[in-house]
Amino acid sequence: MVFSSLTFLYYFLPVVLIVYIFLPNRITVPLGGDRHLVIPARNLLILLSGFFFYAWGEPFYVILMLFSTLIDYTAGRFMAKYDDSPAKRRLCLIVSVCMNVGLLAVFKYSDFIIDTVNVIFRSDITNPVILANRAINDVYNFGLSESRVALPIGISFYTFQSMSYTIDLYLRNIKVQKSFIGFTSYVTLFPQIVAGPIVRYEDVAAELDERTVNINKISEGICFFVKGLAKKVLLANNIGIIWTQIKAMDYREISAATAWIGILAFTFQIYFDFSGYSDMAVGLGKMLGFNFPKNFDHPYLSRSVSEFWRRWHITLGTWFREYVYIPLGGNRKGHGKTIRNLLIVWGLTGLWHGASWNFILWGLYFGVLIVIERLGWGNVLKKLPSVVSGLYTFLIVVFGWVLFDTNTLSDAGQFFKAMFGGNGLGDSTAAYYMASNIVIFLLCIFASTDLFGKLAAAFKKKKGKLYAGVTPAVTAAVLLLCTSYLVDATYNPFLYFRF
Amino acid sequence: MKKLKLNISSLINCVVFFSLLITLPVATTLLPKKERSEMENKPLQKMPSISAKTVFNRKYMNDLETYISDHFVGRTSWIRSKTVLETSLGKRERNGIYILKNRLVEHIAEPDYNSIDKSVNAVNKFASENDVPVFFMIVPTSAEIYADELSKNAPNPNQRDVINYVYRSFGKGITTLDVYPVMESNKYQYIYYRTDHHWTTRGAYLAYAAAGKKMGYTPLSEDKYDIEHASDEFQGTFYSKALYDKVENDTIDIWHPTAGENVREVAVTTMYGEEPQLYDSMYFRDYLSVKDKYAAFLGTNAPIVTIKSGNEGGKLLVIKDSYAHCYAPFLTEHYSEITLIDLRYIQISYKQLLNPEDYDQVLFLYNASSFISDTDLRKLAYD
């Protein structure tokens, strides 16, 4: 299920929220005598609704998520049980990490690995997952993919979340979660299960046990949610149409202007798509009493590549910093090791986004640029006027998106050639696309700056009463507008489901 | 005090949010369900039934989501209001339809000449294998004739180029009928529907009159017809796609020869191999009261339709798309029997159905848009 669907918005969400609000955190059932049964009612509802939410989109491979959850929960309990045995604790950690990385290797990277092996050794190996799918289909006719492994929804997110628990437990940053319902509700928490933000266990550990839900929090959550919905449905989907059309053109023929319009459209699409999703998740989290970490902070205003990655998909960057970069020694072991560590992290960041050379190269491209900034270029950028360093960073990011969203490296090469005028500067196609989409482009530019937030804050400060009155009107207006786009959902893909 | 005020605002915000989230689905559930949407010209999703198989292959979920959006309260109003909003923001294309000043036209995809070559080769093969005069007419569509009204630089393939290319590629046995000039020079008359992809009866008449010389008949002049305005509430396929209200509804005209129609029998074969259904008129008036009013001309597309007239003349085979439906009635004046076949609905070789040499002439009649995207003419090359 996706947040921007009528099914979620008008059926799943109201039912879950209303039941949730009226449930207490715990229900104590007396069993006679001194014995009680304590049911963590809200966590149980989160578990069940999250399971339903996930299985709606992934009815078969939901078993992978349950498997992963069970292993990590058990690993956590054993780690606590053998608290004084470093060897056993390490073994628990290794089992958990290997299982999660193994799931990713099999369900996300196996096609890529096998294709590469087949090319190098001229072999003809069929992916075992495909063989298994065929066998299952033969018996049950579930329609599992028989040609390529279909990425189970959200696998990149929930495996990382789950690992954050066992790793932090091993590092003694957190306490063990004894309740199976408590731990499972963390993994299946529906706002974040399929597309992040990557909420680390540490972030919500306290709230899993005790949290409050009140009108102010719910209202704040509604504002976040509605903002995210608007970003996704009104901005990302509409500007995405442009890129879908230009992406399908022959890159050997498109003019520079067309290429730029196309990739700028994608630049905005991916930002509003993903940050809109994160806003919706944060908002839903607040309605349920959780405070998720921020995932985006106006990344296109960054003045260096390092800054961009502190503002873009923040929770992924944090994850790699905490669990890869710092354990590898971070920047504390000399220049050589720092550079090595940075390149490892950025290669992995690229690979996390998808199993193809484009993504690995895309990650390393940022890795190299960040290394260069570390070596002194960053200080130069700081001294440059913000317009120059901002434009520099934006262009670097836009070039990155070409690598990111063209299908092969040769496509990317041809697209770059077109962007630099290899097939002429402008043509009537570009003029048409620009003229018919100028409004949406301007809206996107405006919405990716912090201007809107600043105006709203100033308005709130100066005219508090009016602001308070306007908020519900804006909620209603955006919800109605988005509903009309959802009813007419001719175009409603969620980009970040690929990862 | 200030804190309290903020709380009231929060409360109102929650009330607004939840009342929308509750009333819309409840209204959707309570309202009676329709079986099909006339407006969108499609059957609506039925409530799916649940089983282990449909759950695991996701069909149940997909169908249920379609069901919810198909029956969502006020569905067409939501879609319409979105269209109005978008057009007021300057958007001039919707769902593959360009919105012009007072008409809708189709955004046709760029032609794939490899695919066109396959059609041309098959037609050439057909003409060389069968000893019968073959005529070919490609009718430009409204997107071409009114291209000057499109916004500047809107993608719109040049149909003149496509037609020229195709006509040049035909071999000797094929006589081309170029109706482009006659459509172009009469563009200020009502020759194309504003809300539908077909030509009007007047458009068809002009082409019929222009083709007479090459095909060997003397067309009836316009004053030999009584024109009946059969319906003025036609909202066609373009309308259904764009759901754009600000274009005037179309009028369906039926041209009756003043001397009287001389049609003995119309035989419609909906499934080849089965007995045809027989009618005594080319006009299926029941369709005038439903959405798809163009089907008043010889019904919806069927694989084979045979019209027997009481007039003298030869036998004509028409291989066609739906543009032929309002065109064929004019031809009945000059032929004793006309058989229309629609290759889209025929999965076997034409040779198993009929022998073209049993006919005096063969006419291919396609509009440029359907010719460009056609993948069925190539079946003529199969044995």
Mind jotting down the distance between the C-alpha centroids of the range A:25-94 and the range B:223-246, whole Å? 64 Å
I'd like to compare B:115-125, A:416-426, B:321-331, B:291-301: which one has the highest average count of other Cβ atoms within 10 Å, and what's the full order after that? B:321-331, B:291-301, B:115-125, A:416-426
Residues of A:15-27, mean number of Cβ from any other protein chain within 10 Å of their own Cβ, rounded to a whole number? 1
Other-chain or far-sequence residues with amide H under 5 Å of B:E265's (modelled H): B:K308
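Suppose we keep just the DSSP beta bridges with both residues in the protein assembly as shown; what percent of those would be antiparallel, to 5? Could you put the intermediate results ahead of the total?
Numbers: 34 of 55 bridges.
Close to 60 percent.
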Residue by residue through B:74-81, how many Cβ atoms from other chains fall within 10 Å of the Cβ on average? 4
Dipole of the range A:326-477 [Lys/Arg +1, Asp/Glu -1 at C-beta], most positive-end residue of A:F416, A:Y392, A:S428: A:Y392
Divide by every residue of chain A the summed helix terms, -39500 (n - 2.57) for each DSSP H run of at least 4, and state the resulting mean residue ellipticity at 222 nm, rounded to the nearest 500 deg cm²/dmol. -21500 deg cm²/dmol
Quick one: which bits of the range A:125-155 get at least 40 Å² less accessible when the partner protein chains are in, versus the chain alone, with a 1.4 Å probe? A:N141, A:F142
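Going by a ≥ b ≥ c, the root eigenvalues of the Cα gyration tensor, does the range A:61-171 fall in the rounded group (a/c under 1.5), the prolate group (a/b larger than b/c) or the oblate group?
Prolate.
Using the beta-carbon distance between A:V15 and A:D297 and R0 = 35 Å, what value does 1/(1 + (r/R0)^6) give for FRET efficiency, to the nearest 0.05? Present the calculation step by step, with values, prior to reporting the outcome.
Details: r = 33 Å, r/R0 = 0.95.
Efficiency for this residue pair is about 0.60.
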When the charge dipole of chain A is computed with +1 on Lys and Arg Cβ and -1 on Asp and Glu Cβ about the Cα centre, the Cα farthest towards its positive end, among A:A105, A:L375, A:L44, belongs to A:L375
About the Cα centre, charge dipole magnitude for chain A (Lys/Arg +1, Asp/Glu -1 at Cβ), debye: 1660 debye
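Ignoring ligands, DNA and RNA, what percent of the accessible area of chain B is carbon or sulfur (1.4 Å)? Kindly include the intermediate steps, with their values, before the conclusion.
Working: 9080 of 17480 Å².
So the carbon and sulfur contribution to the accessible surface is 52 percent.
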For chain A, what is the relative contact order in percent, using Cα pairs closer than 8 Å and at least 6 residues apart in sequence? 17 percent
Answer with one residue from B:P155, B:W199, B:G212: the one whose Cα lies farthest towards the positive end of the charge dipole of the range B:151-214, charges on Cβ with Lys, Arg +1 and Asp, Glu -1. B:G212
Can you tell which of B:K308, B:K241, B:K34 shows the greatest fluctuation in a Gaussian network model of chain B with Cα springs below 10 Å? B:K34
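Once neighbouring chains are kept in place and the probe is 1.4 Å, which whole percent of the accessible area of chain A is contributed by carbon and sulfur? Write out the running numbers ahead of the final one.
On the way: 14160 of 21230 Å².
The value for chain A is 67 percent carbon and sulfur by accessible area.
Quick check: residue separation of A:S147 and A:V398 times 0.36 nm, minus the Cα distance between them. What number comes out in nm? Mind dumping the intermediate values first?
Details: separation 251, 0.36 × 251 = 90.36 nm, distance 3.27 nm.
Extra length available between A:S147 and A:V398 comes to 87.1 nm.
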What order, most packed first, do the peptides A:77-84, A:179-186, A:167-174 have when packing is the mean number of other Cβ atoms within 10 Å of each residue? A:179-186, A:167-174, A:77-84
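Ratio of the protein assembly as shown's C-alpha Rg to 2.2 N^0.38 Å, to two decimals?
Details: Rg = 32.7 Å, N = 882, 2.2 N^0.38 = 29.0 Å.
Ratio of Rg to 2.2 N^0.38 Å for the protein assembly as shown: 1.13.
Give me the dipole magnitude in Debye, nearest 20, for the range B:1-122 about the Cα centre, with unit charges on the beta carbon: positive for Lys and Arg, negative for Asp and Glu.
Taking the Cα centre of the range B:1-122 as origin, the dipole is about 700 debye.
Give the calculated FRET efficiency between A:A476 and A:V439 to the nearest 0.05, with a Förster radius of 30 Å applied to their Cβ-Cβ distance. Before the final figure, lay out each step's value.
Details: r = 23 Å, r/R0 = 0.76.
FRET efficiency, A:A476 to A:V439: 0.85.
Taking only complete DSSP H runs, can you tell me which helices of chain A stretch 20 Å or more along their own long axis by Cα positions and average at least 1.0 on the Kyte-Doolittle scale?
On the way: long enough: A:41-57 (25 Å, 1.17); A:62-81 (29 Å, 1.09); A:86-104 (27 Å, 1.15); A:155-170 (22 Å, 0.35); A:215-230 (22 Å, 0.94); A:256-287 (46 Å, 0.84); A:334-353 (29 Å, 0.26); A:357-372 (22 Å, 1.97); A:386-405 (28 Å, 1.82); A:428-448 (28 Å, 1.59); A:464-487 (34 Å, 1.40).
For chain A, where a helix must reach 20 Å along its axis and average at least 1.0, the hits are A:41-57, A:62-81, A:86-104, A:357-372, A:386-405, A:428-448, A:464-487.
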So how far apart, in nm, are the two label points at B:Y165 and A:L66 if each is 7 Å from Cα heading toward Cβ? 5.6 nm
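Would you please put B:354-361, A:242-249 in order of how densely packed they are, using the mean number of other Cβ atoms within 10 angstrom per residue and starting with the highest? Write out the running numbers ahead of the final one.
Numbers: B:354-361: 15.5, A:242-249: 17.0.
Peptide ranking by packing, descending: A:242-249, B:354-361.
Per-residue ellipticity at 222 nm for chain B, helices alone: DSSP H runs ≥ 4 residues times -39500 (n - 2.57), over residue total, nearest 500 deg cm²/dmol?
Details: 12 runs with 129 residues, N = 383.
The helix contribution divided over chain B gives -10000 deg cm²/dmol.
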Computed about the Cα centre, the charge dipole of the protein assembly as shown from +1 Lys/Arg and -1 Asp/Glu charges at the Cβ has a magnitude in debye, to the nearest 20, of 5660 debye
Cα-based shape type of the range A:275-363, given that a ≥ b ≥ c are square roots of the gyration tensor eigenvalues and the cut on a/c is 1.5: prolate
Using a 1.4 Å probe on the heavy atoms of the protein chains only, list every residue of the range A:52-80 that has 50 Å² or more less accessible area in the complete assembly than in its chain alone. A:W56, A:P59
Estimated distance in nm for a label pair at B:Y272 and A:W357, the labels positioned 7 Å out from Cα along Cα-to-Cβ: 4.9 nm
Shielding by partners for A:316-325, please: the mean number of other protein chain Cβ atoms within 10 Å of each residue's Cβ. 0
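Provide the gained length on full extension for the span B:H107 to B:S185, in nm with one decimal, where the gain is 0.36 nm per separating residue minus the Cα-Cα distance.
25.8 nm
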Gaussian network model of chain B, Cα springs within a sub-10 Å range: biggest mean-square fluctuation belongs to which of B:F72, B:F170, B:F56? B:F56
Rank B:M215, B:M61, B:M137 by mean-square fluctuation in a GNM of chain B with C-alpha springs under 10 angstrom and give only the top-ranked residue. B:M61
Taking the alpha-carbon centre of each part, the distance from the range B:137-190 to the range A:418-483 in Å is 41 Å
Counting protein heavy atoms only and a 1.4 angstrom probe, how many square angstrom of accessible surface do chains A and B bury in total, to the nearest 100? 4300 Å²
List of the range A:388-433 residues, accessible area with partners at least 40 Å² below that of the chain alone (1.4 Å probe): A:Y432
Taking only complete DSSP H runs, can you tell me which helices of chain B stretch 27 Å or more along their own long axis by Cα positions and average at least -0.5 on the Kyte-Doolittle scale? B:2-30
Whole-Hz ³J(HN,Hα) from phi, Karplus 6.51 cos²θ - 1.76 cosθ + 1.60, for the range B:244-250, glycine and proline x: 10, 8, 8, 9, 4, 4, 8
Can you give the accessible area per residue of chain B, in Å², using a 1.4 Å probe? 46 Å²
I'd like the distance between the alpha-carbon centres of the range A:373-403 and the range A:271-322, rounded to an integer number of Å. 20 Å
Under 1.5 on a/c is rounded, so check that first for the range B:51-146, then, if it is not, pick prolate when a/b is larger than b/c and oblate when it is not; a ≥ b ≥ c are the square roots of the alpha carbon gyration tensor eigenvalues. oblate
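The values are calculated or read from the model by the stated rules, or taken from the named source; none is laboratory data. None of these values were measured; they are calculated from a predicted model. Virtual Cβ from ideal backbone geometry, glycine too; neighbours counted across all protein chains shown. These accessible areas exclude ligands, DNA and RNA; they are computed on the full protein's heavy atoms, side chains included. Shrake-Rupley method; radii C 1.70, N 1.55, O 1.52, S 1.80 Å.
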